[in-house]
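A quick write-up on the structure given underneath.
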Amino acid sequence: MSSLKAFFKDTIIYGIAAILPRAINIGLVKLHTSVFGAERYAVNTDYYVYAAYLNALLTYGLETAFFRFFSKEQDKGKVISTSFVTLLGTTIIFLIIALFYAHSIRNLFGFESLLHVKILIWTVFLDTIVVIPFAYLRVTNRPIKFTLIKVLNILVFAVLNILFLWGIPKGHVVETIIPKFLNFYVNGNPAVIYIFLANGTASLVTLLLLLPIIFKIHWQVDRFVLKKLLKYSLPIMVGSLAYVTNENIDKLFLRDQLGNKQMGIYAACYKLGVFMSLYIMAFRLGAEPFFFNHAKEKNAKHNYATILKWFTVLGAIFMLIVVCYIDIFASILLGKAEYFEALKIVPLILLANLCLGIYNNLSIWYKLTDKTLYGMYISIFGSVITIVFNTVMIPVLGFMASAWATLIAYGSMMCISYYFGKKHYNVPYNVKSVLLYLGLAAALSFISFIDGFRANYYISSILVLVFLVVVCLVEKNEIKRLLKIR
């Protein structure tokens, strides 16, 4: 149980690294929606969709491969140096080619200005070359340093957002504090560009903070190690691209079929589902290195099963709380009433993301058995569902089609991964408990949305309490054992 204690401790620390930055980011949503209408907000969404695809392509699964072989290889220095130098080399090549063809990229993707493109290129470059240093902090159990750097990154981003979108344009920052040329520059360009500029600046600060780790890396590439890394990582890359498709292609479909305004409204409400994404990210940051480092322990499979059950319990609680108090969260985070139209997507997005989190838990079977091709195929299957369902059903259901597509895709991926996992790496998951908590949370969420119960916070509180009571009654013996961990 001591390994579980270490896991939960590290996950809490990583949770700060995941939750605090995203919480600040969520807080910025209201600033963004107050500055931009739904159509202008869509430009911001487009930018981050393309950034997500580029990040998945440029890291080509090397982060996960690094975790796998760092725990597997005896000469860990070769794994670190080979991973970093290879990623740095390919990213520099991308930077040179992308800057050279910046005009063509602008025309191809319809960016408003060339500056948008260049900021995107430089930001993706900076974010990619810190992937291995961050992974090194995680795999060597240094969650506090990892967290501090992540938090500083988002603080820089937030401060610059407030400065560029509120402080300077509204005259709240006097010229004695900032140079005159900056005042002129901010008021002379489209406001949305400063979100991207703030993002790029925060990424640069992150790189500077990680330089001490980078300078300690030996600049060498072991061909034998590289071959193993790439064989493992390339299917992960395809799976990552498929995942980005599942997460983002719906917004592009909505823009093309329903227009920027509907897409902007959907994208803003989709961000309320980020509460579940925060939870999943916090879990993944701690779980991925834990799963690899403890795979050889005698009780590893039992620990994996225990972790999945409690991951589902906590995720279901988060989902239920957000759905039951959705109107409070919406008024705080979205501000403008024009965005409230799409609030009905939030329960589906939360449940879909919880299914994705369960899938991430289950995916340990193909990562530990080096069968990453299975992960690629499953992710591609999910993206096909997303594309086909959105294409066919958006004209019929509007933006609700995109929410249903996300749920169906992630739910299918979860079930398929469990089926194949039992054959290749059988973990004794408590399926009945997982289905019980998923079903109960979904049912109570549905009840909270019924007319008459919606925004009735006495009933909302009772629904949350019902779920907690059920968990305590069913899991009382295990709760007692977990609390006795020393």
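Brief remarks on what is shown
- Members of the range 345-363 found to be small (Gly, Ala, Ser) and over 18 Å from Pro235 (Cβ atoms), listed by number: Ala352, Gly357
- For the range 450-460, the condition holds for no residue, the condition being that it is touching a Phe, Trp or Tyr at 6+ places or on another chain (Cβ under 9 Å) and under 30 Å from Ile380 (Cβ atoms).
- Test for Ile332: is it closer than 30 Å to Ala295 by Cβ and hydrophobic (A, V, I, L, M, F, W, C): no
Yes/no per residue for (1) in contact with a Ser or Thr (Cβ under 6 Å, 6 or more places away or on another chain); (2) modelled with pLDDT of 90 or more; (3) among the acidic types (Asp, Glu):
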| position | (1), (2), (3) |
| --- | --- |
| Met400 | no, no, no |
| Ala409 | yes, yes, no |
| Tyr418 | no, yes, no |
| Gly421 | no, yes, no |
| Gly439 | no, yes, no |
| Ala443 | no, yes, no |
| Asp451 | no, no, yes |
| Tyr458 | no, no, no |
| Ile479 | no, no, no |
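- Of the residues in the range 235-242, none is aliphatic (A, V, I, L, M), more than 21 Å from Gly61 (Cβ to Cβ) and more than 15 Å from the chain's Cα centre (by Cα).
- Residue that is modelled with the lowest pLDDT, among those in the range 185-205 that are closer than 18 Å to Leu152 by Cα and not aliphatic (A, V, I, L, M): Phe196
- A count restricted to the range 280-302 and to residues that are of a type outside the set (A, V, I, L, M, F, W, C), modelled with pLDDT under 85 and assigned to a helix (DSSP H, G or I) stands at 5.
- The set of residues in the range 87-120 that are surrounded by fewer than 21 Cβ atoms within 10 Å (Cβ to Cβ), under 30 Å from Pro289 (Cβ atoms) and not hydroxyl-bearing (Ser, Thr, Tyr) comprises Leu88, Gly89, Ile92, Ile93, Phe94, Leu95.
- Filtered residues of the range 445-467 (kept if surrounded by 14 or more Cβ atoms within 10 Å (Cβ to Cβ) and within 26 Å of the chain's Cα centre (by Cα)): Ser445, Val464
- Subset tally (residues that are among the hydrophobic types (A, V, I, L, M, F, W, C) and under 28 Å from Lys231 (Cβ atoms)) for the range 388-421: 6
The values are calculated or read from the model by the stated rules, or taken from the named source; none is laboratory data. Computed from a predicted structure; not experimentally measured. Note: ideal-geometry Cβ built from the backbone for every residue, glycine included; neighbour counts use all protein chains shown.
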